[in-house]
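Asks: My questions all concern the structure below.
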Amino acid sequence: MKVIESPEDLAINGAAPAFDQPLHVGRPNIGNREAFLKYIEEIFDRRWLTNNGPLVQAFEQRVADHHGVRHCVAMCNGTVALEIAIRALGLEGEVIIPSYTFIATAHALNWQAITPIFTDINPATHILDPDAVRSMITPRTTGIIGVHLWGRVAHVEALQAIADEHDLKLMFDAAHAFGCSYKGTMVGSFGACEVLSFHATKFFNTFEGGAVLTNDDELAETMRLMRNFGFSGMDNVIHPGTNGKMIEVAAAMGMVNLDAIDSMVEANHHNYTIYRKELSYLPGISLLSYDESEHNNYQYIVIEVGKECPVTRDQIVQCLHAENVLARKYFWPGCHNMKPYSALYPHSGLVLSNTQQVADRVFLLPTGTTMNTNMIQMVVSVIRVFLESSA
Ligand code: T4K
């Protein structure tokens with residue numbers, strides 16, 4: 001590995017990149033390969049590939065147990081899981097969501113002709129601000145979708161109080177929050193239901209996949225019907241539905257990754273600790289912290305670039321990309337600035353000043369089981385030398 005001590009060592013100034021191969025945010029964690037291949041052999045032997053197979057059922061039970069919740073309804077991905085949960089809850093009209101989230105939160109509503117009402121976040125926590133939620137309620141509002149962004153659990157109590165007061169449905173996009181807790185209670189039991197994503201880029205993955213967690217027996221049953229075209233036994237359709245089923249191969253990946261979950265969290269925690277130590281000396285650079293008294297998955301290394309920093313967020317990202325460190329500007333520029341929402345609601349930014357500021361100053365750095373201490377120190381050296389050379 002090269003040494004980065006002065007501006008001439010930086011790739012933006014003509015030096016060779018720090019890394020031969022790109023370092024990705026969202027590099028998949030992969031559990032035991034032999035165990036996975038054994039599951040595949042068993043799937044072939046059984047010739048049962050999808051449609052609520054035995055591995056999907058076993059996987060659902062383990063995910064439900066992991067989160068201390070009655071039901072896990074596994075799906076083909078997190079977006080379809082969101083769509084099904086939204087429909088099963090009967091949401092319509094307007095639904096309040098943060099703009100500062102992955103676009104799927106908004107699209108899952110728009111796809112079903114429901115209007116996402118983009119609402120501002122708390123700039124310190126990056127999660128939906130309950131006071132802002134209150135101010136966005138209209139007679140057309142039917143629900144709120146809180147997002148546990150970066151795995152930091154939303155203001156579940158305040159949002160539930162607002163939902164109860166206004167007779168609204170409350171659910172959570174928990175795509176980032178597998179294995180996270182709030183006041184000791186694991187994600188999965190808040191609101192009417194919570195939606196997980198097991199996409200390849202999540203610290204826990206099933207290649208593609210998602211699930212809805214809920215303690216509501218009736219809601220779970222409805223979602224099980226909806227993910228399988230509304231079939232109740234052979235030739236008997238009793239509900240509108242779609243194809244949201246998880247396949248056996250995905251569940252196999254889930255089983256081996258569940259076996260490795262502690263080591264994956266440990267790797268993320270280790271990386272987070274190293275990043276925190278190394279970054280603490282850099283002016284205007286701060287690392288978003290996790291509450292160590294809760295269960296966290298530490299899957300996102302979220303950096304904020306403050307006013308005291310001599311360079312902009314975009315300049316740092318450009319410098320890192322030149323070194324093959326593919327830092328990401330999640331979730332810039334905010335859903336409200338993306339199509340179709342920027343054209344449909346051109347003025348929504350007027351009430352989203354915190355969202356705009358946060359989206360302009362955040363970037364994410366690589367973590368996960370493919371990163372190690374030396375790599376992190378190198379990434380931070382790049383930022384440090386770039387800042388020093390620009391001061
Ligand atoms: N709600 C929230 C809050 C979410 O964050 C998400 C998904 C959802 C809902 C919807 O859940 P899913 O329907 O996806 O299950 C990625 C993921 O595609 C997306 O799942 C995730 N959030 C989002 C935060 O990140 P992109 O557009 O950034 O993906 P992409 O292809 O640029 O990949 C990210 C990096 O990971 C790349 O630099 C390459 C690397 N990578 C990617 C894949 C797929 C790998 O190294 N290996 C891989 O296999 O959205």
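The values are calculated or read from the model by the stated rules, or taken from the named source; none is laboratory data. None of these values were measured; they are calculated from a predicted model. Quick reminder, even Gly has a Cβ in these numbers, built from the backbone with ideal geometry, and neighbours come from all protein chains shown. Areas reflect the complete protein model, heavy atoms only, side chains present, ligands, DNA and RNA absent. Shrake-Rupley method; radii C 1.70, N 1.55, O 1.52, S 1.80 Å.
Asks: Kindly provide the set of residues from the range 326-355 that are crowded, with 20+ Cβ neighbours inside 10 Å and either away from the ligand (no atom under 16 Å from the Cβ) or more than 24 Å from ALA132 (Cα to Cα) (or both), ordered by number.
Replies: ALA327, SER348, LEU352
Asks: Return yes when LEU282 is closer than 21 Å to MET371 by Cβ and either within 16 Å of the ligand (Cβ to nearest atom) or out of contact with any strand residue (DSSP E or B) (no Cβ under 9 Å at 6 or more places or on another chain) (or both) and no when it is not.
Replies: yes
Asks: Given the conditions (1) small (Gly, Ala, Ser); (2) without any contact (Cβ under 8 Å) to a residue 12 or more places away in the chain; (3) closer than 27 Å to VAL63 by Cβ, and given that ALA124 satisfies all but one, which numbered condition is not satisfied?
Replies: (3)
Asks: Conditions first: (1) open to solvent by 10 Å² or more (accessible area, probe 1.4 Å); (2) part of a loop (DSSP other than H, G, I, E, B); (3) in contact (Cβ under 8 Å) with a residue 40 or more places away in the chain. MET255 passes all but one, so which condition is the exception?
Replies: Result: MET255 passes all but (2).
Asks: Out of all the residues in the range 30-37, is one or more of a type in the set (Val, Ile, Thr) and away from the ligand (no atom under 16 Å from the Cβ)?
Replies: no
Asks: Tally the residues that are open to solvent by 10 Å² or more (accessible area, probe 1.4 Å), more than 11 Å from the ligand (Cβ to nearest atom) and not in a loop (DSSP other than H, G, I, E, B), restricting the search to the range 59-88.
Replies: So the answer is 8.
Asks: Still on this structure: Within the range 159-172, is even one residue within 14 Å of the ligand (Cβ to nearest atom) and either closer than 29 Å to GLU41 by Cβ or in contact with a strand residue (DSSP E or B) (Cβ under 8 Å, 6 or more places away or on another chain) (or both)?
Replies: Yes, the range 159-172 has at least one match.
Asks: Here's something else I'd like to know. Considering every residue within the range 173-182, establish whether at least one is open to solvent by 30 Å² or more (accessible area, probe 1.4 Å) and out of contact with any Lys or Arg (no Cβ under 6 Å at 6 or more places or on another chain).
Replies: There is at least one residue in the range 173-182 that is open to solvent by 30 Å² or more (accessible area, probe 1.4 Å) and out of contact with any Lys or Arg (no Cβ under 6 Å at 6 or more places or on another chain).
Asks: So, one more: If I filter the range 100-118 down to residues being surrounded by fewer than 20 Cβ atoms within 10 Å (Cβ to Cβ) and closer than 14 Å to LEU149 by Cβ, which single residue comes out as nearest to the ligand (Cβ to nearest atom)?
Replies: Step by step, filter the range 100-118, then rank; the result is PHE102.
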